[in-house]
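The values are calculated or read from the model by the stated rules, or taken from the named source; none is laboratory data. These numbers come from a predicted model, not from an experiment. Because the Cβ atoms are built from the backbone with ideal geometry, glycine has one as well, and the counts that use them run over all protein chains shown.
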Amino acid sequence: MNDPSANPHDEAEELLPWYVTGKLDAADRERVEKHLTECADCQAELRAERALAAEYRDYSPEVEASWSSLRERLGPAAASPVAANSNWWHPISRPGMAGLMAAQLAVVAVTAVTVSYLNQPTAAYRALGSAPVVASANAIVIFQPQTREDQLRRLLNDTGAELVGGPTDADAYVLHIPDQSRTAAIATLRKRPEVVMAEPIDGQAS
Amino acid sequence: MNKIEGVIVRLMGARPKTAFERQEAPRDTQLLERIAARDPKAFEQLYRQYQPRLSRFLVNIVKRPQLVEEVLNDTMMAVWSTAGNFRGASKVSTWIFAIAYRQGVKARMRWDEPLPDLPDNDQESSDIAPDEALHNRRSHSALVEAMGSLSADHRAVVDLTYFHGLGYREIAEIMDCPIDTVKTRMFHARRKLKTVIPGDARDWL
């Protein structure tokens, strides 16, 4: 099914969307992860892919199609700024704006982590369970599957946690939390309804 | 399974199921069997279960909301009349989505609309006030515009991947095309979408 002569870079790049949505089989996933550890371009592509997938969650083709046909009935009035403001901007673009800000903030966070990764190229990407996690990772959290990206981001911000990696096969995220606040941060995470579990991962009791 | 075991299972690699997978229980197969035996209650249940997902999927293909309802009902009528032919070679959801895809493509050809894939976004962005255009462009409408510029088949692959959470093999089955075609369509769609998404990847690096 897979062309053995295929370029590993092209192959990994093509598979990234399903890597992000967790829909690759084990063999595909291994190939992608192996390539990610050695390709900075694909790491950047993965970040862009996550941002796109997150933005897409706010997109409703039905709303767009219905609005498009309703707008035709409004005629020329729809083109005036006032009409555009009251009819177009409010119902549709606000979630989009939230998505935009979410994507940007997520990128700032992820970029900060990545910059430190890029200084140690062999440790750039590791899946939990396939290799030891990077040194700075000291907590793991699993969110409810329906948790939205903005909720996830707020929880991380509120607890001072940085995203180090994930989602893993188990949909877990690997975090770094400053040592002095880790116990309290994990306790806070555990109380949140969006959190399935939150655990320290270096054996220390929390 | 108690909570701790649940956590361990998750850590060992079992994924929490998506809405799509959760609904794909033996229940679907049983419903289909009852539908084959002409049970309208089972048919209604299946309809209610699939209507939202099919409606969203179909609007990517036929665009016009009025047409979506018609195609969706044609799809469900095909399910009603051919349920007895389902042999379980694929998942029930894949089978139903494949019927919907064929019906959608047929409807698109039948209506043969002049601009099925190109909404009047070009005109809109030149007509509205510049600051409004800027706001719109920098937010959701950039994605809307980009999706509008894709072909129906590209939109379908994007939606089945990101929203419906399907793998490329299942998408290939639904669209009755080679796996490589699915991958290539997704690849080109991503290229196009990323250039207009606010905070483009190139700005982040």
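If only one of A:Leu36, A:Leu24, A:Leu46 is more than 9 Å from chain B (Cβ to nearest Cβ), surrounded by 19 or more Cβ atoms within 10 Å (Cβ to Cβ) and either charged (D, E, K, R) or under 24 Å from B:His164 (Cβ atoms) (or both), which one is it?
So the residue among A:Leu36, A:Leu24, A:Leu46 that is more than 9 Å from chain B (Cβ to nearest Cβ), surrounded by 19 or more Cβ atoms within 10 Å (Cβ to Cβ) and either charged (D, E, K, R) or under 24 Å from B:His164 (Cβ atoms) (or both) is A:Leu46.
Quick one: in segment B:127-150, which of the residues that are at pLDDT below 90 and not in a helix (DSSP H, G or I) is nearest to A:Arg57 (Cα to Cα)?
Going through the qualifying residues, I end up with B:Ser139.
Look at B:Asp153 and say whether it is surrounded by fewer than 17 Cβ atoms within 10 Å (Cβ to Cβ), at pLDDT 95 or above and closer than 30 Å to B:Phe86 by Cα.
For B:Asp153, the condition - surrounded by fewer than 17 Cβ atoms within 10 Å (Cβ to Cβ), at pLDDT 95 or above and closer than 30 Å to B:Phe86 by Cα - is not met.
Here are A:Ala102, A:Ala170, A:Ala124: which of them is at pLDDT below 50, touching a helix residue (DSSP H, G or I) at 6+ places or on another chain (Cβ under 9 Å) and not hydroxyl-bearing (Ser, Thr, Tyr)?
A:Ala124 is the lone residue from the list that is at pLDDT below 50, touching a helix residue (DSSP H, G or I) at 6+ places or on another chain (Cβ under 9 Å) and not hydroxyl-bearing (Ser, Thr, Tyr).
Scan segment A:136-151 residue by residue and report those that are within 14 Å of chain B (Cβ to nearest Cβ) and crowded, with 20+ Cβ neighbours inside 10 Å.
A:Ala139, A:Ile140, A:Val141, A:Ile142, A:Phe143, A:Glu149 - these are the residues of segment A:136-151 that are within 14 Å of chain B (Cβ to nearest Cβ) and crowded, with 20+ Cβ neighbours inside 10 Å.
Being more than 9 Å from chain B (Cβ to nearest Cβ), part of a loop (DSSP other than H, G, I, E, B) and hydroxyl-bearing (Ser, Thr, Tyr) is the filter here; which residues of segment A:1-21 pass it?
A:Ser5
Just a yes or no: is a residue in segment B:90-113 over 29 Å from B:Ser151 (Cα atoms), of a type in the set (Lys, Arg), in a helix (DSSP H, G or I) and in contact with a Lys or Arg (Cβ under 9 Å, 6 or more places away or on another chain)?
No, segment B:90-113 contains no residue that is over 29 Å from B:Ser151 (Cα atoms), of a type in the set (Lys, Arg), in a helix (DSSP H, G or I) and in contact with a Lys or Arg (Cβ under 9 Å, 6 or more places away or on another chain).
Please tell me if A:Ala54 is in a helix (DSSP H, G or I) and at pLDDT below 90.
Judged against the criteria, A:Ala54 is a match.
So B:Ser55 ticks every box in (1) modelled with pLDDT under 95; (2) buried (at least 17 other Cβ atoms within 10 Å of the Cβ) but one. Which box is left unticked?
(1)
Restricting to segment B:55-83, give me the number of residues that are closer than 20 Å to B:Asp159 by Cα, away from every other protein chain (no Cβ under 11 Å) and among the hydrophobic types (A, V, I, L, M, F, W, C).
Result for segment B:55-83: 2.
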